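Written out below as structure tokens is the structure these notes cover.
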Amino acid sequence: NAKSHGRNCFRFFNQQIQKDAERSAELHMRLKSAISNNEFALYYQPIVNPHNGLIVKAECLLRWQYDGRFISPDEFIPIAEQSGFIVNIGEWVRNEALNTIAILQQRGLTIPLSINVSTIEFWTTDLQQRFLRYFDEKQSEYDAGQFPYSFITLEITESLMMKQLDTINQLLNELRHRGMQISVDDFGTGYSSLSYLANFPVDQVKIDKSFIQKISMGARHEALIEAIVSMSRALDLTIVAEGVETQAEFDFIKLQDIESVQGYYFHKPMPQQAFFELLAKQSQTTI
Ligand code: C2E
Ligand code: MG
Ligand code: MG
Ligand code: MG
């Protein structure tokens, strides 16, 4: 009957909450030693020019593997954020990305890399200063003027900007002044996409894959993408379409004024070695 059904539901939810709590406690504990145990790897997902398929850029995506299993970033990044580990993890990611840029430069294969930055890393003015200091210190390891700022894009999400508007603005201006680009990730899914663009100095938007997945589900969805594109044009922003998986999605994107595309239709995220090989092959066939 309805009453015992309700009780079973309650028990089910209780068990689920308990299981979730145990899982995040375990991940929290394991994350603490993930860097020192070498459990992280950075993968690279190429971003291509839709008109010729050439790789113009790549996004760095963190992978965590322990006991032979991959844990999704969607599961462990929130735990890393709550625990504050994300600050060290973010620096690990940037170190790794800078190594990769250095290797690409040695091989004459340099393209810009896009690096995700967590909201938490800009949360307080102390953290903002630490973020900048990281680049100051790294820069001192390079010859004057040689630090590859112009090959770095930072991806930030819209939820970032609710706090500390002035100091974040200053920070973003400083990063751009040094030559980095700022990209708004998951564009269109946050709460204040539009005021965000009016208030912050950004260079690029990444149209969230939830919009791309609705292509061919009706004219209304397609009109939304067209509106994002024309607004981005008016604001002088470059555009990446994220999560392009099918021919139909790609056909629609090609008709838009969008300069770059990322998605399984072209390439999945791959380990560093495979990424190097792909770029080397591309440079051989285009020379
Ligand atoms: P994101 O920054 O929006 O990254 C794009 C996500 O979409 C990646 O998931 C990528 O693998 C996935 N993707 C790319 N093309 C397709 C496609 O065609 N179809 C589908 N279904 N998915 C596609 P991933 O690697 O699982 O990362 C998830 C999220 O975790 C990222 O979303 C980002 O928010 C976060 N993340 C990943 N690496 C880092 C990092 O180094 N630092 C920080 N702070 N966050 C990270
Ligand atoms: Mg991203
Ligand atoms: Mg995204
Ligand atoms: Mg995301």
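Find the residue count for the range 27-73, including only residues that are more than 23 Å from residue 181 (Cα to Cα) and open to solvent by less than 10 Å² (accessible area, probe 1.4 Å). Total meeting the criteria: 6. Residues in the range 174-205 that are within 16 Å of ligand 2 (Cβ to nearest atom) and either in contact with a Ser or Thr (Cβ under 6 Å, 6 or more places away or on another chain) or of a type in the set (A, V, I, L, M, F, W, C) (or both): 180, 181, 182, 183, 184, 185, 186, 187, 190, 202, 204, 205. When the residues of the range 204-217 are filtered to those that are open to solvent by 30 Å² or more (accessible area, probe 1.4 Å) and either among the acidic types (Asp, Glu) or out of contact with any strand residue (DSSP E or B) (no Cβ under 9 Å at 6 or more places or on another chain) (or both), the one that is nearest to ligand 4 (Cβ to nearest atom) is 213. Taken as a whole, the range 30-40 holds no residue that is within 25 Å of residue 242 (Cα to Cα) and in a loop (DSSP other than H, G, I, E, B). Would you be able to say whether some residue in the range 218-228 is within 22 Å of residue 58 (Cβ to Cβ) and either surrounded by 20 or more Cβ atoms within 10 Å (Cβ to Cβ) or among the charged types (D, E, K, R) (or both)? No.
The sole residue among 156, 86, 77, 71 that is free of Cβ contacts under 8 Å to residues at least 60 places away in the same chain, more than 16 Å from ligand 3 (Cβ to nearest atom) and within 24 Å of residue 172 (Cβ to Cβ) is 86. Quick check on the range 101-152: of everything there that is more than 15 Å from ligand 1 (Cβ to nearest atom), part of a helix (DSSP H, G or I) and of a type in the set (Phe, Trp, Tyr), which residue is most open to solvent (accessible area, probe 1.4 Å)? Ranking the candidates gives 151 first.
Could you please find all residues in the range 255-267 being open to solvent by 30 Å² or more (accessible area, probe 1.4 Å), part of a loop (DSSP other than H, G, I, E, B) and either within 16 Å of ligand 4 (Cβ to nearest atom) or free of Cβ contacts under 8 Å to residues at least 40 places away in the same chain (or both)? The answer is 257, 264, 265.
The values are calculated or read from the model by the stated rules, or taken from the named source; none is laboratory data. The shown structure was predicted, so the numbers you read here are calculated from the model rather than taken from an experiment. Note that each Cβ is placed from the backbone with ideal geometry, even for glycine, and that neighbours are counted across all protein chains shown. SASA here: full protein model, heavy atoms, side chains in, ligands and nucleic acids out. Shrake-Rupley method; radii C 1.70, N 1.55, O 1.52, S 1.80 Å.
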